[in-house]
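One structure is given here, and the rest of the page talks about it.
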Amino acid sequence: MPIFIDHGTPALRQSTLGSLQVLDHARSLGSVPNFTAAALDVAGRPSFAVGPSLPIFGIWCHTRLMIVIGTEVVRSYFAKNAGHRGIKAARSQYEVWLEIVGRARWRNPEDVKASYPKVSILKAGRIVFNIKGNDFPLVSAVQYRAGVLAIRFFGTHAEYDKIDAETV
């Protein structure tokens, strides 16, 4: 099941994976950032890995899906522009994109390109996805090792032209 977490959203999902319990509500552990999932081993010690992890002879083997944070950026854009032309189609295509990304296991930019050939890979882990053709660019920052994709910008192409996608 994909994991979608917004900053500050108190969402607790719990699942069992072998002898591990995976908690997506990191605030309950105190010092872990909100978007980080924490795995507890059999003894109940936090291992601070993103997504499910399996201990294999003392080495953590990550079997995680991408965690998408910052979805409130897109939701607020849709709410603010609800009556505009193309928003309904963009919303449905965004939801499909969100489902695909939430199930992805990207380890590098090449994996992203394999899933989305028309994606733009920028510096510093930035990726620009085109939602509804090229009408609504979505700028994201990706941490491949952590398995986290953060949505940084969503808007029309005219709005996108006014920002610096590498720093937003």
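The values are calculated or read from the model by the stated rules, or taken from the named source; none is laboratory data. Since the structure is predicted, the reported quantities are computational estimates derived from the model, not experimental observations. Please note: Cβ atoms are built from the backbone with ideal geometry, for glycine as well, and neighbour counts cover all protein chains shown.
Remarks
- Screening Ala104, Ala158 for residues that are in a helix (DSSP H, G or I) and aliphatic (A, V, I, L, M) leaves exactly one candidate, Ala158.
- Gly133, sole failed condition from (1) in a loop (DSSP other than H, G, I, E, B); (2) within 22 Å of Glu166 (Cα to Cα); (3) touching a residue at least 24 places away in the same chain (Cβ under 8 Å): (3)
- Verdict on Arg75 being surrounded by 12 or more Cβ atoms within 10 Å (Cβ to Cβ), at pLDDT 95 or above and not hydrophobic (A, V, I, L, M, F, W, C): yes
- Under the condition of being over 16 Å from Gly147 (Cα atoms) and among the polar types (S, T, N, Q), the residues counted in the stretch 72-115 number 4.
- Flag if Lys118 is without any contact (Cβ under 8 Å) to a residue 24 or more places away in the chain, more than 21 Å from Leu65 (Cβ to Cβ) and not hydroxyl-bearing (Ser, Thr, Tyr): yes
- Qualifying residues in the stretch 115-129 (those that are at pLDDT below 95 and on the phi < 0 side of the Ramachandran plot) - the one surrounded by the most Cβ atoms within 10 Å (Cβ to Cβ): Tyr116
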